[in-house]
Structure formats: structure tokens, C-alpha cells
Number of protein chains: 2
Amino acid sequence: MSDDTAGLERALASLLENYNELNASYIDELDQEPTPLQFMRYVARNRPFIIRGGANNWPAYQRWNARYLVETLGDSPVNVASTPNGLADAVLSQDGKQIFVEPLEQTEPFADAFKSITARGRGEIDGPVKYCQTQNDNLRGEYLALMADVPASIAFAHVALDRKPDAVNFWLGDGASTTALHRDNYENIYAQIRGKKHFLLMAPVIAPCVEERSLPLARYENCGDGGDEKADYGMKAVVQQPVQYVPVPTWDPLKHSKPPNSLGEHLTTYKVDLEEGDMMYLPAMWYHHVRQTGGSEGFSCSVNYW
Amino acid sequence: MSDDTAGLERALASLLENYNELNASYIDELDQEPTPLQFMRYVARNRPFIIRGGANNWPAYQRWNARYLVETLGDSPVNVASTPNGLADAVLSQDGKQIFVEPLEQTEPFADAFKSITARGRGEIDGPVKYCQTQNDNLRGEYLALMADVPASIAFAHVALDRKPDAVNFWLGDGASTTALHRDNYENIYAQIRGKKHFLLMAPVIAPCVEERSLPLARYENCGDGGDEKADYGMKAVVQQPVQYVPVPTWDPLKHSKPPNSLGEHLTTYKVDLEEGDMMYLPAMWYHHVRQTGGSEGFSCSVNYW
Ligand SMILES: O=C(O)CCC(=O)C(=O)O
Ligand SMILES: O=C(O)CCC(=O)C(=O)O
């Protein structure tokens, strides 16, 4: 306990180097689903893997095109996250201070949301960036009509962990949406259905590198004055009252490929690109930063199981 | 990285409290062997378990009494660790400095070693404390004649981890031998055959509590001057040259039930007593301190798989 800061830095650097030495510098790629036992070996080692084409036999993989989605969901109301720039749940500088901004959430008919997302995705319109990303078990809620197109649970994980998924989530967006670096306390099975997802993954051990800070929680609101409209479509990040502080990584891997501290050089990041039909296991507490590219119809959509 | 020591202590204390909240305050007891998948769930959660009577159907459990062991091994040479006090691989104060002392290792006929251990165990003789504890896969080496009495591998672990044991070890001692607090980088399946073992277990997260220090490596040697003979049977701890420093926990749970630092109060220790026929899974990197009690014939013996 009498370590000085330099000693602590050395200890953390050697922790990172040990991790790098003991683990592969790549993410395993399987060409078929693992058995429950093979899956548990990854869980036990806390390592992700990818199954190329793992969701190719899901009805969703065949069916989910623009026409099918709009016909199936029609005008049923869905929750849509909007931001001026595609950066939801992200760190922003405002009046020289860092804040953590959540998106504006609005309910609108699916068909309208889908139209804005895809028209923007194809570059036909300008406007706020919309992302359907509720992560509240929405495939068994708002998007229930699509649930029949995906498995109720992922068999190898269900058997291995001896539990059903806590949540099944549908994600729909265009190339402008980015999910900031964060981690979740859930074992995650992620399937890409349309478009691509570009993950940057980092093991939990790198926590001391991410420059975590407690920042005031803000949310985009429509201020309606239209003054600055061109840049932010009348949206403004407003710090919520009473002020609530949330711990968030402030390192943005899009701005600096290594975190701006002495530990950065010891960090391993794993790039994973999921194509249509690919699945990934992301262990709980792994950091991830996610970008996406729209598919041939201008949208990207995914399903994940927690 | 700018945390001061107080901040670091708070962070470590809350890490320990989180562990305590998220985990049971006891070690699971099973009444039969787990399936490979059930086993992997323990591996994945990094939690030990006990199988009461798990080795009751091993031939060793029926056969291993004094007469059988001596008949089977006879005068074949075995490596025996000797110390004046039963504290092998332990921290000792010498000339006001802490050192880490390994036992004197000698080869002697099994029958002789067995006789000294059991005679001392029954209180019939005085003398150095002997412990057969080589941990170098000795059941497939020196003690090969006994290997037929135990499984070649533990089926549930072999299937789950998809690998054979790196080592199968035989342990033989009396109630005077104590194994100091330490941890091993191996998944460990431990079976008690005769006598009892009393384990104190602690999860890897408690590492900051154990007061680890780099101490000079010493070894007991026969100095033969007989001066101090009564207390130490002519043995002396000699620091090895050139001096080599080894990192060891300096907290001795027999001397202080909690480590003498501010984190001690946040520590959970698990007491596990293995009776004849009991098995235990001890995950890699768990701290353990082990005492033993001789059985009806004055000795304790165990088998473990790494
Ligand atoms: O798909 C995304 O944009 C983010 C996915 C994610 O963060 C998750 O599945 O936890
Ligand atoms: O049985 C003993 O004395 C110690 C056992 C031990 O340390 C181990 O199995 O790793």
C-alpha cells in the first residue's frame, strides 16, 4: 500500500504486458457454432470469438430487407434515439467542460423512423442522426413482430450458462451512428444481419488506460430556437438537474488511436469487422467501441442477446 | 493515475466489498461429481467446490493404509522435505530480517521416511518434521507403484478443459506440517485419502491484502554442529548465494486472523476441512494455507491433479 505513483504505473504496465504475453493478439474465428463446453472454455478464459456466417441460417438473414421490415412493423410506435452527429452516450465538451450526453429519445411510427434512417444512410436527406438502440429487450417488446425471425435463445450459450437471455435487442441505424467506448456487465452474443459493424475490442484489464472520469449527465433536447439549426438541427445538450455524475471512459479511440497516458503503449486493441451473417461472443466487461456501415439498402441492423 | 494512496486504498476496499457482495460467503458442496459443463461453470466463475466422498470409490481410498503403502513402495528412494518445525516454504525472521525458507530435501528409502513420519505423528519420537511434497508429478515418478490406485485423470476436468493433467502429486505427512499461504498458477483437483486437511482459501482479488514482499531465498541445511540441536535438530536456514529474491505473501493467517493492514477488514476467508474421501476443486491463483491432521495410523495423505 506504500507504492508511489511511479511504482503503481510500473505495476499496471507489467499487468498489461503479462496479459499481452499470455493471450493471442487476435480474436479466434470459428466456422461453426461451438458446443456448450467449447463455449464455456471461452467464457472461462474471458475471450471473445467470432463465428463467420453463424447467423446465415436465421430467417432474419433471408428476410430482413427494407420492404419486409416496413411491412412487418408498419406504423407501430418505436423508440428512436436522435443526436445531431451520431454520437449517443458520448463525451462532449461544452463551455470548456466535459459532459456525458445521452440522445434525445422520441417515439415515432417505425415506417417513419426507417424512412429517415435509410434516406439519410443513402445520402438523400440531411438531419439528425437516428438510431434504434433501446437495449431494453426490445425484440420481445416493440419489435416483437420480428422475434419469430431469430432464435429465442442461442442454444450453445443457453445450455452452457443454464439460463435464458435476459434481453434480446434489435439495433437499426445508418453509417453515421457510432457507439462510444463502454463496457457492459453482460455476456453478449451479437449477430450482424444487414450492413457491417466495426468493433474495437479491449480486455477488462485495460481499465486503467481509458481515463475514466465522473462527468455530469446531459441529454440532447429540442430547443426549438432554430438559431444554430444547420449544425445541430435545433438540438442542444442540456445537463440534467439535479446534476448526476456518471463514470465514463474519456478516451476516444477515434481521436487518439492510443490513450493519452503512459499506459497507452502497453495496450492491445482488437479490430473486429462483422459482415452480414456473422456472430460474435463478447465477454462481460470487455470494452467496445462500435462503428457501422449501411448495407445495400442504406441501413445496418443487428440483434444481440444478453 | 493521479490517485493518491488514500484513493487507491478506497478503490481496493471497494473492489473487495464488491467481490463479497457478488459471491457466496461459503464454498459449494456437491454430493456427486459435476458434469464437465457444470465444472466449467465453476471454472468460469473462478469458484472452488467440494465433493464430499468424491474419492470414496478410488482403490486408494480402500487400500492406502500403513501396511499397504510400505509393502508397495518398500525401500524405493523418495524425496523428503525436512524442517525443524513443519514450516516449509515459509517466511522466517533471521537476524531481524525476513527470509523465505525452503526445506532441506533428502532422498531416503520410502519405508524409513514413512516410519519417521508416522512415529512422529503418533508422538513416539521427536525429530525434524518430514513431508513428502515434491509436487513434480511424483505419482507418475517416485510413487508410480501407487498410480494404479487413483484415476489417471479426473474425468469431468479432463473433458471440460480438454487436456490431461500436467502433474499428479502424492502428499504424505503428519499433523506437524503446515503449508504456508501461497497460490499456484494451476487448476487444482485435490483429494484427501487418509487423515484431514484444513484449508484456508481466499480469492485472487485479495492479493493487495497479503503483504507480498520480495525476500531472500534460504534453505534449511544440516550444519552438523549440534549446538542448538534440541530446537532445530542441527538444521539452519541458510540464505542461498548469489542472493535470489522471491515474492511471497508475508501475512501469516495463523499469527493474525486478518492481515495487518487497512484492507484486512474487507477480506473474506473460506475454511474448508477435507475428510477422508473428500475432493476439492481449487481454481488457479486462489490463495491457500493448509494444515493437516493425521488419521488413525498417524499420517495424512492426499493426491492432487494439476
Ligand atoms: O451495435 C452497437 O452500436 C453497439 C453494440 C453494443 O454496445 C452492445 O451490444 O453492447
Ligand atoms: O496439501 C498441502 O499441504 C498443500 C497443498 C497445496 O498447496 C496444493 O495442492 O497446491
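Let's see how each residue does on (1) closer than 22 Å to A:VAL80 by Cα; (2) out of contact with any helix residue (DSSP H, G or I) (no Cβ under 6 Å at 6 or more places or on another chain); (3) within 16 Å of ligand 1 (Cβ to nearest atom); (4) among the polar types (S, T, N, Q):
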| site | (1), (2), (3), (4) |
| --- | --- |
| A:GLN244 | no, yes, no, yes |
| A:HIS256 | no, yes, no, no |
| A:HIS266 | no, no, no, no |
| A:TYR270 | no, yes, yes, no |
| A:LEU274 | no, yes, yes, no |
| A:SER302 | yes, yes, yes, yes |
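Answer yes or no as to whether B:GLY96 is open to solvent by 60 Å² or more (accessible area, probe 1.4 Å) and among the small types (Gly, Ala, Ser). When the stated conditions are applied, B:GLY96 passes them.
Of the helices (runs of 4 or more DSSP H) lying entirely inside the stretch A:1-73, those carrying at least 3 residues that are away from chain B (no Cβ under 11 Å) are A:5-22, A:59-63, A:66-73.
Hey, does the stretch B:62-71 have a residue that's more than 28 Å from B:LEU254 (Cα to Cα) and touching a strand residue (DSSP E or B) at 6+ places or on another chain (Cβ under 7 Å)? Break it down stepwise before answering.
Pass one, the stretch B:62-71, residues more than 28 Å from B:LEU254 (Cα to Cα): B:62-71.
This time we only want the ones that are touching a strand residue (DSSP E or B) at 6+ places or on another chain (Cβ under 7 Å), so: B:64.
Yes; the residues of the stretch B:62-71 include at least one that is more than 28 Å from B:LEU254 (Cα to Cα) and touching a strand residue (DSSP E or B) at 6+ places or on another chain (Cβ under 7 Å).
Considering A:THR250, A:THR269, the condition of being touching a strand residue (DSSP E or B) at 6+ places or on another chain (Cβ under 6 Å), within 14 Å of chain B (Cβ to nearest Cβ) and surrounded by 14 or more Cβ atoms within 10 Å (Cβ to Cβ) is satisfied by A:THR250 alone. State whether the residues of the stretch A:100-117 include one that is surrounded by fewer than 20 Cβ atoms within 10 Å (Cβ to Cβ) and either within 13 Å of ligand 1 (Cβ to nearest atom) or within 14 Å of chain B (Cβ to nearest Cβ) (or both). No - not one qualifying residue is present in the stretch A:100-117. For A:ARG213, indicate whether it is open to solvent by 30 Å² or more (accessible area, probe 1.4 Å) and within 14 Å of chain B (Cβ to nearest Cβ). Criteria met by A:ARG213.
Only one of the numbered conditions (1) among the charged types (D, E, K, R); (2) open to solvent by 30 Å² or more (accessible area, probe 1.4 Å); (3) within 27 Å of A:SER25 (Cβ to Cβ) is violated by A:ASP278, and that is (2).
For the structure I just gave you, tell me whether A:ILE125 is open to solvent by less than 60 Å² (accessible area, probe 1.4 Å), within 21 Å of A:GLY234 (Cβ to Cβ) and among the β-branched types (Val, Ile, Thr). Spelling it out, it is not the case that A:ILE125 is open to solvent by less than 60 Å² (accessible area, probe 1.4 Å), within 21 Å of A:GLY234 (Cβ to Cβ) and among the β-branched types (Val, Ile, Thr). None of A:ALA176, A:ALA237 is in contact (Cβ under 8 Å) with a residue 40 or more places away in the chain, more than 26 Å from A:GLY141 (Cβ to Cβ) and more than 14 Å from chain B (Cβ to nearest Cβ) except A:ALA237.
One line per residue, one yes/no per condition, for (1) modelled with pLDDT of 95 or more; (2) closer than 19 Å to A:ARG194 by Cβ; (3) open to solvent by 20 Å² or more (accessible area, probe 1.4 Å):
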site: A:ASP28; (1), (2), (3): yes, no, yes
site: A:ASP31; (1), (2), (3): no, no, yes
site: A:THR35; (1), (2), (3): yes, no, yes
site: A:ASN46; (1), (2), (3): no, no, yes
site: A:PHE49; (1), (2), (3): yes, no, no
site: A:GLY53; (1), (2), (3): yes, yes, yes
site: A:GLN62; (1), (2), (3): yes, yes, yes
site: A:ASN65; (1), (2), (3): yes, yes, yes
site: A:SER76; (1), (2), (3): yes, no, yes
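With respect to the conditions (1) in contact with a Phe, Trp or Tyr (Cβ under 9 Å, 6 or more places away or on another chain); (2) touching a residue at least 60 places away in the same chain (Cβ under 8 Å); (3) within 14 Å of chain A (Cβ to nearest Cβ), B:ASN185 falls short on a single one, namely (1).
Select from the stretch A:139-173 the residues that are within 14 Å of chain B (Cβ to nearest Cβ) and either buried (at least 17 other Cβ atoms within 10 Å of the Cβ) or hydrophobic (A, V, I, L, M, F, W, C) (or both) and write down the one among them that is nearest to ligand 1 (Cβ to nearest atom).
Ranking the qualifying residues of the stretch A:139-173, first place goes to A:ALA157.
As a summary of the residue check, A:ASN136 satisfies the conditions (1) farther than 24 Å from A:VAL248 by Cβ; (2) open to solvent by 40 Å² or more (accessible area, probe 1.4 Å); (3) not small (Gly, Ala, Ser) except for the one numbered (1).
From the list B:VAL150, B:VAL168, which residue is over 19 Å from the mean Cα position of the chain (by Cα) and either among the polar types (S, T, N, Q) or modelled with pLDDT of 95 or more (or both)?
It is B:VAL150.
The values are calculated or read from the model by the stated rules, or taken from the named source; none is laboratory data. From a predicted model like this one, the values you see are computed outputs, not experimental measurements. FYI the Cβ positions are ideal-geometry reconstructions off the backbone, even for glycines, and counts take in every protein chain you see. Ligands, DNA and RNA are stripped out before the accessible areas are found, and what is left, the full protein with its side chains, is counted by its heavy atoms. Shrake-Rupley method; radii C 1.70, N 1.55, O 1.52, S 1.80 Å.
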